[in-house]
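Here is the structure we will look at, set down as C-alpha cells.
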Amino acid sequence: MERTVFLNGEYLPESEAKVSIFDRGFLMADAVYEVTSVLDGKLLEYAGHSKRLERSLSELGMGKPKDFDNLLEIHRELVKRNDLQEGGIYLQISRGSADRDFVYPKDAEPTLVLFTQSRPVIEVPAAKTGMKVISVEDQRWGRRDIKTVQLLFPSMAKMMAKAADADDAWLVQDGFVTEGTSNNAYIVKDGKIITRELSNDILHGITRASILRVAKEAQMEVVERKFTVEEAQNADEAFITSASAFAIPVVQMDGETVGAGEPGPVAARLREIYIEESRNNAI
Ligand code: PMP
C-alpha cells in the first residue's frame, strides 16, 4: 500500500513525489526537518516542533515555503489520508532548487516535504529491556542546535554502535557527553536528574523540555550540567529522550552496567508521566 505524501502543495502517492536533482537539500544538506509523533491519531507536542522549525529556518536565513501557515492542517490531513494511529510525521524544508553554488540562491522556492511513518511508539521492547550504548567522539558540526538533515556522522556513530552489539552511541566532546545520535542524554545520581545544559553543542529537544518540566512538577531535582562517560557508568540510572522514543532507559555504557543493569524507576516514571501528559494534550 502506497502512502500519500505531501510535496510542495500537493498530496501525492509516494511513488509520484519527485524532487529536483538540483535541490539544495540533496546537493548540500541545505535543509531542516522535524519529526512529530502521532498517538491515537493525534499529534504530540506540535507547538514545540513548529516553534523550533521556525527557529531553524531563521538561523539559516532560509525562507518559508508557501504552505508554512497550513502546516498543522497538512499534518492532520496526512494522518487522515494514511489512517495513521501510531507513528510519526517527518517534515523537511530545503532552501529549494538552484544550479549548484555555495552562495545561497536569491529566489529559490523552498521545497516542502512531509510523509508519515507507521510504527509502535508505546509498546517498544527497549522501554522494558533498556538500551546499550557506546561512547563515540562527537565529530558533528558546531551548530547542533539547528535541526539540519546533515545526519551522516550520527548515522556513522549508530553503525559503530551496531557493530559493537549496542543500540546507540553517546557522543563525547572534550571528555563530556553531548547527546545521543538522535536523542538527548541523561543520568540519574542520588535522586538528581542530570543532563547537559542547552547550547549550540546539542539539539534543544522538545521532549527534553517537557521531561524536565514534568520531572520538576513531580518534585524531582533537575541539574543541567555536563557529565562524563565515567559518571554515566557510575550513575544509578541513565536514559534518553526524543520525540519518537519518549524516554527509554540506558542499562549499559561501553560494556559497563549502569546502576542495577536494568531499567530504573526514574526513567520508567518519567516515561509514564510523559506519555499520559502527551496523550492528554495531543491535538
Ligand atoms: N538530539 C538529537 C541529535 C536529535 O536528533 C534528536 C531527535 N531529533 C534529539 C536530540 C531529541 O529531540 P526531540 O525531543 O525534539 O525529538
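The values are calculated or read from the model by the stated rules, or taken from the named source; none is laboratory data. Remember, it's a predicted structure, so these values are computed and weren't measured experimentally. Here the Cβ positions follow ideal geometry from the backbone for every residue, glycine too, while neighbour counts run over all protein chains shown.
Just give me the residues in region 28-42 being over 16 Å from residue 143 (Cβ atoms) and crowded, with 21+ Cβ neighbours inside 10 Å, in sequence order.
34, 36, 37, 38
Of the residues 165, 138, 145, 201, which single one is within 11 Å of the ligand (Cβ to nearest atom), farther than 21 Å from residue 243 by Cα and either touching a residue at least 12 places away in the same chain (Cβ under 8 Å) or aliphatic (A, V, I, L, M) (or both)?
None of the other options fit; the residue is 138.
If I filter region 258-271 down to residues being of a type in the set (D, E, K, R) and over 29 Å from residue 53 (Cβ atoms), which single residue comes out as nearest to the ligand (Cβ to nearest atom)?
Among those residues, the one meeting the criterion is 269.
Any residue at all in region 212-229 that's among the hydrophobic types (A, V, I, L, M, F, W, C), touching a residue at least 40 places away in the same chain (Cβ under 8 Å) and over 26 Å from residue 146 (Cα atoms)?
The answer is yes; a qualifying residue exists.
In region 215-257, which residue that is part of a strand (DSSP E or B) and charged (D, E, K, R) is nearest to the ligand (Cβ to nearest atom)?
224
Can you go through 126, 161 and tell me which one is aliphatic (A, V, I, L, M) and surrounded by fewer than 21 Cβ atoms within 10 Å (Cβ to Cβ)?
Within the list 126, 161, the selection yields 126.
Of a type in the set (S, T, N, Q), surrounded by 15 or more Cβ atoms within 10 Å (Cβ to Cβ), away from the ligand (no atom under 16 Å from the Cβ) and within 27 Å of residue 201 (Cα to Cα): does that describe residue 94?
In short, yes.
List every residue pair whose Cβ atoms lie under 8 Å apart, where the two residues are 6 or more positions apart in sequence or sit on different chains, the first residue falls within region 260-272 and is at positive phi, and the second residue, located anywhere, is modelled with pLDDT under 95 and in a loop (DSSP other than H, G, I, E, B).
none
Would you call residue 157 in contact with a Ser or Thr (Cβ under 7 Å, 6 or more places away or on another chain), over 18 Å from residue 273 (Cα atoms) and within 16 Å of the ligand (Cβ to nearest atom)?
Yes: the conditions hold for residue 157.
Across region 177-190, which residue is farthest from the ligand (Cβ to nearest atom) among those that are small (Gly, Ala, Ser) and touching an Asp or Glu at 6+ places or on another chain (Cβ under 6 Å)? Give the steps one after another, and end with the answer.
Looking only at region 177-190, we keep the residues that are small (Gly, Ala, Ser), and these are 180, 182, 185.
From what is left, the residues that are touching an Asp or Glu at 6+ places or on another chain (Cβ under 6 Å) are 180, 185.
Working: 180: 7, 185: 9 Å.
This residue is 185.
Being charged (D, E, K, R) and either in contact with a strand residue (DSSP E or B) (Cβ under 7 Å, 6 or more places away or on another chain) or under 11 Å from residue 131 (Cβ atoms) (or both) is the filter here, so list the residues in region 166-187 that pass it.
Start the filter on region 166-187 by keeping residues that are charged (D, E, K, R), which leaves 167-168, 174, 179.
Those that are charged (D, E, K, R) and either in contact with a strand residue (DSSP E or B) (Cβ under 7 Å, 6 or more places away or on another chain) or under 11 Å from residue 131 (Cβ atoms) (or both): 167, 168, 179.
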